[in-house]
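Note sheet for the following structure.
The values are calculated or read from the model by the stated rules, or taken from the named source; none is laboratory data. A quick note: this is a predicted structure, and the numbers were derived from the prediction, not measured. Here Cβ is always computed from backbone atoms with ideal geometry, including for glycine, and neighbour counts include all displayed protein chains. Accessible surface areas use protein heavy atoms only, side chains included; no ligands, DNA or RNA. Shrake-Rupley method; radii C 1.70, N 1.55, O 1.52, S 1.80 Å.
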Amino acid sequence: MAWSLLIRNGTVVDGSGAPARAADVAVEGERIAAVGPGLAGEAARVIDATGLMVAPGFIDAHSHSDLVYDKCPSAESKVRQGVTTEVVGMCSFSPAPVAPGRAALVQEWAGGIGGKIPITWNSFGEYLDHLRGLGPTVNIAQFVGHGALRLAAVGPDARPVAPDEQRGMERLLAEALGGGAFGFSTGLVYAPSVYGSTDELVSLARSMATRRGLYFSHIRGEAATLEQAAEEAIRIGEQGGVPVQIAHVKASGRENWGKMDRVLRMIDGARARGVDVTGDVYPYPAGSTKMDNLLPAWMHDGGIGKLLERLTDPKARQRAIADCLVDGERWRTGSGGMGWDEIMIATCSKPELAGIHLAELARRTGKEPAQAMMDLVLEERAGVSMVVFSQSEDNVGTALSYAHTMVGSDSLSLHAGAGPHPGKPHPRSYGTFPRVLGVYCREKRLFSWETAVHKMTGMAATKLGLKDRGLLQAGRAADVTLFDPATVSDAATFADPHRYPIGIPYVIVNGHVVMDG
Ligand code: ZN
Ligand code: CU
């Protein structure tokens with residue numbers, strides 16, 4: 001018997017959570033041929049994995065790379081972490097479907113996160129054909145964004161849907177599922193998803209229940225309304241009859257840090273009632289999104305053009321300040337209350353601003369911080385991303401250790417150098433998976449290697465219904481990641497994010513060795 005690849009002398013952590021064991025892994029073409037001790041056979045290539053752990057390729061359970069595959073199909077910042085599959089179309093954002101004549105609207109809506117997407121499609125299926133044509137390095141599980149559904153069927157306005165529009169969204173969702181979507185996602189703090197009512201979402205969920213569509217939710221608040229928001233997400237799954245994923249489980253704003261345990265108990269309670277609720281977590285106490293999301297939902301009514309128009313109106317600015325400024329010094333949104341020194345400019349057209357806090361921007365410009373922020377959003381036509389330090393490190397550990405959370409980076413695939421996202425983007429694009437392994441598993445000992453790998457592989461595959469990935473098992477797709485448990489570490493930092501991790505020497509996607517030494 002001649003295999004295409006034999007990985008010898010490694011310690012297999014198979015993704016199921018079962019104890020690690022000494023075993024070899026044989027690959028034939030795109031599939032795993034055998035897993036077992038002392039495999040004897042000829043192979044075109046042998047990798048010596050002495051001292052290394054051999055795991056299934058990691059599944060990034062929450063990614064926004066669909067907004068940048070056009071610029072970065074190599075997905076290098078993910079592949080170098082050991083990621084072989086990305087779950088994209090999250091937080092209500094997806095590049096499809098697009099209603100005829102609304103490409104520009106979709107472009108400026110999704111644009112600030114990943115830059116402009118060259119939209120040449122309407123249907124979800126046409127978009128997937130385009131995506132296949134790019135030949136991305138990783139496998140992709142694409143969701144359809146509720147925001148995209150709403151832009152296509154309703155438009156950018158802040159209003160309830162009419163019955164025919166609801167049917168229109170359900171038709172587009174069915175079409176997307178038929179084309180290969182795994183379900184739909186919401187971003188209930190982002191326009192236009194934020195304008196959707198619970199009933200609208202239950203109805204959308206119900207419409208895909210028989211096809212085992214999944215509901216992945218950035219919930220309607222991760223701060224003051226955290227518990228109600230988690231309850232709503234669970235209710236949508238329960239009444240809609242579909243599995244739920246709570247995106248990037250967190251408690252934002254120090255006044256809300258105490259709520260983390262209660263949210264995890266709510267998930268326990270729902271699971272005990274038979275609702276399939278899980279969550280994803282990234283291993284950092286800071287989040288990242290577009291800076292215009294600091295502005296209240298009413299300012300976004302009608303789309304980015306309208307938002308920019310309102311930003312030129314001093315009265316609208318005063319109203320935003322009245323809505324959001326607390327005690328004259330903290331800015332509070334659905335994502336929590338933040339000090340101006342906790343909000344960092346990540347990427348915009350002025351490289352010299354990347355990495356500075358809004359407090360510093362205010363000092364440099366001699367403006368009130370809120371005005372400096374709104375001026376920046378206006379000047380950059382909303383194309384500014386930010387990093388927000390609003391979570392507690394203890395909660396990050398608690399959420400990561402919880403039995404029903406998997407690892408999701410909530411980030412873009414980038415590459416060092418002149419990548420699609422210059423400046424100081426959140427280091428999670430480069431460091432999520434090695435950071436969970438190196439910091440939370442090896443250093444803090446919050447969980448075992450087996451559990452860490454399970455959260456990156458088998459757990460996500462089960463949630464997604466992927467029958468041929470997520471476990472190292474004969475017959476499954478040959479997605480394999482080899483890492484050194486003694487050294488695996490993230491290198492990317494908030495100050496210096498474009499740095500690849502260390503200790504992950506081999507990554508194999510569908511039998512191809514894409515990271516080789
Ligand atoms: Zn989100
Ligand atoms: Cu996200």
I want to confirm something. Restricting to region 273-284 and keeping residues that are part of a loop (DSSP other than H, G, I, E, B) and closer than 25 Å to LEU437 by Cα, which single residue is farthest from ligand 1 (Cβ to nearest atom)? PRO283
Checked ALA270, ALA346 against criteria (outside any loop (DSSP other than H, G, I, E, B), away from ligand 1 (no atom under 16 Å from the Cβ) and open to solvent by less than 10 Å² (accessible area, probe 1.4 Å)); the one match is ALA270
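To keep it simple, each residue is scored yes or no on (1) over 20 Å from GLY517 (Cβ atoms); (2) surrounded by fewer than 18 Cβ atoms within 10 Å (Cβ to Cβ).
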residue: ASN9; (1), (2): no, yes
residue: ALA18; (1), (2): yes, yes
residue: ALA22; (1), (2): yes, yes
residue: VAL27; (1), (2): no, no
residue: ALA33; (1), (2): yes, no
residue: GLY36; (1), (2): yes, yes
residue: ALA40; (1), (2): yes, yes
Of all residues in region 220-231, which are within 20 Å of the chain's Cα centre (by Cα) and open to solvent by 10 Å² or more (accessible area, probe 1.4 Å)? ARG220
How many residues, within region 122-155, are over 23 Å from the mean Cα position of the chain (by Cα) and crowded, with 18+ Cβ neighbours inside 10 Å? 2
THR85 - would you say it is of a type outside the set (Phe, Trp, Tyr), touching a strand residue (DSSP E or B) at 6+ places or on another chain (Cβ under 7 Å) and surrounded by 24 or more Cβ atoms within 10 Å (Cβ to Cβ)? yes
Can you find, within region 312-326, the residue that is farthest from ligand 2 (Cβ to nearest atom) among those that are open to solvent by 60 Å² or more (accessible area, probe 1.4 Å) and under 23 Å from ILE345 (Cβ atoms)? THR312
Can you pull out every residue in region 1-42 that is part of a strand (DSSP E or B), small (Gly, Ala, Ser) and farther than 14 Å from VAL480 by Cβ? ALA2, ALA22, GLY36
Please list, ordered by first then second residue, the pairs with beta carbon atoms under 7 Å, 6 or more apart or interchain, first in region 485-497 and within 15 Å of LYS424 (Cβ to Cβ) and polar (S, T, N, Q), second open to solvent by 30 Å² or more (accessible area, probe 1.4 Å) and at pLDDT below 95. none
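Matching residues to (1) surrounded by fewer than 20 Cβ atoms within 10 Å (Cβ to Cβ); (2) within 17 Å of GLY279 (Cα to Cα):
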{"position": "THR432", "(1), (2)": "no, yes"}
{"position": "LEU437", "(1), (2)": "no, no"}
{"position": "THR451", "(1), (2)": "yes, yes"}
{"position": "LYS455", "(1), (2)": "no, yes"}
{"position": "ALA474", "(1), (2)": "yes, no"}
{"position": "SER489", "(1), (2)": "yes, no"}
Going through region 63-98 one residue at a time, which ones are part of a loop (DSSP other than H, G, I, E, B), out of contact with any Cys (no Cβ under 8 Å at 6 or more places or on another chain) and within 15 Å of ligand 1 (Cβ to nearest atom)? GLY89, MET90, CYS91, SER92, PHE93, SER94
Please pick out the residue among TRP257, TRP340 that is open to solvent by less than 50 Å² (accessible area, probe 1.4 Å) and under 30 Å from ALA492 (Cα atoms). TRP340
Which one is nearest to ligand 2 (Cβ to nearest atom) among residues in region 254-293 that are over 19 Å from THR186 (Cα atoms) and in contact with a Lys or Arg (Cβ under 7 Å, 6 or more places away or on another chain)? TYR284
Counting just the residues of region 48-62 that are aliphatic (A, V, I, L, M) and either within 16 Å of ARG428 (Cα to Cα) or not in a loop (DSSP other than H, G, I, E, B) (or both), which one comes out most open to solvent (accessible area, probe 1.4 Å)? MET53
Name the residues in region 213-229 that are more than 16 Å from ligand 1 (Cβ to nearest atom) and not in a helix (DSSP H, G or I), would you? GLY213, ALA224
In region 285-311, anything surrounded by fewer than 23 Cβ atoms within 10 Å (Cβ to Cβ), within 16 Å of ligand 1 (Cβ to nearest atom) and outside any strand (DSSP E or B) is listed as PRO285, ALA297
Checking the condition within 16 Å of ligand 2 (Cβ to nearest atom), among the β-branched types (Val, Ile, Thr), at pLDDT below 95 and open to solvent by less than 40 Å² (accessible area, probe 1.4 Å), which residue from VAL189, VAL249 passes? VAL189
